[in-house]
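What follows is one structure encoded as structure tokens, with my remarks underneath.
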Amino acid sequence: MRFRITFNTERGALRLPIHYNHLIQGAIYANLDRVTADFFHDRGFEFGKRRFKLFTFSRLMGEYHLDKESGEIVFIGGVRLIVSSPSHEFCSSLINCILGDGHIRLGSQQVEVVGIEAFEPTPTSDQVTLRVLSPVVTYSTMTRADGRKYTCYFQPGEQDFQSQVFENLKKKYEIIYGQPAPVAPMQLRPLGQPRMNLVMYENTVIKGYTCRLALSCPKELIKVGLDAGLGAKNSQGFGCVEMEEVVAC
């Protein structure tokens, strides 16, 4: 399930650092009940040696301009945010807390929630076009000859990007449904030139990509991607996507 949350700042403009993902993530955790927040923040869902938080969120959407002198992004008027998760507990807690308070705090600013829409995107085909709402991240940790580790990021159109997205979806599917993911041919290709996005998250630079994506795979896996996000670092505000239309891959 996903929510489209609309809010206005009580000061007439919402000023945030350009790299604001951590503020959105913090606001989400702050609007969950204590038990749910502790679980998603501290534990998540285990799969082997990895843990998955199974929620994602978009960039903020609305009219804005960049204040280069202050290093801030300034939103004017209504601002929209998409939050998505396959977890009923997460969704129920988030919606109840936000409705009960009526406000969200983003850093030092309090914004008024003026609308919440809940909807359940359900793919009806194995072939869809996806619009990327926050950069998709795929990467591997490599080791140099001298033993030092470094991160290698992949971009849409590369085989490693496609394979990592699908392996990630399969793991999420198994966590959610408790059984292996369906086996079928899969393809993921960019439509147009992908745009690289460098995002600073808590003193770490993360590289992700935005573009439209043509996705062909079992619709059950498409559903997982819509609910839990594509790629890695979803709970930090990466990999949120929405369906655009049915296409031939």
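The values are calculated or read from the model by the stated rules, or taken from the named source; none is laboratory data. Since the structure is predicted, the reported quantities are computational estimates derived from the model, not experimental observations. Note that we place each Cβ from the backbone using ideal geometry, even for glycine, and neighbour counts take in every protein chain shown.
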Report summary line: Pairing a residue in the range 209-222 that is at pLDDT 95 or above and buried (at least 22 other Cβ atoms within 10 Å of the Cβ) with any residue that is part of a helix (DSSP H, G or I) and of a type in the set (D, E, K, R), where Cβ atoms lie under 9 Å and the two sit 6 or more apart in sequence or on different chains, gives Leu221/Lys170; Leu221/Lys172
Requested in this report: Select from the range 27-55 the residues that are part of a helix (DSSP H, G or I) and of a type in the set (A, V, I, L, M, F, W, C) and write down the one among them that is nearest to the chain's Cα centre (by Cα).
Outcome: Ile28
**Report entry** Subset of the range 182-208 that is touching a Cys at 6+ places or on another chain (Cβ under 8 Å) and among the hydrophobic types (A, V, I, L, M, F, W, C) - its residue that is surrounded by the fewest Cβ atoms within 10 Å (Cβ to Cβ)
**Finding:** Ala184
Report summary line: From the option list Pro86, Pro135, single residue qualifying as touching an Asp or Glu at 6+ places or on another chain (Cβ under 8 Å) and at pLDDT 95 or above is Pro86
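Please verify whether Pro123 is in contact (Cβ under 8 Å) with a residue 60 or more places away in the chain and surrounded by 21 or more Cβ atoms within 10 Å (Cβ to Cβ), treating the condition exactly as stated.
It is false that Pro123 is in contact (Cβ under 8 Å) with a residue 60 or more places away in the chain and surrounded by 21 or more Cβ atoms within 10 Å (Cβ to Cβ).
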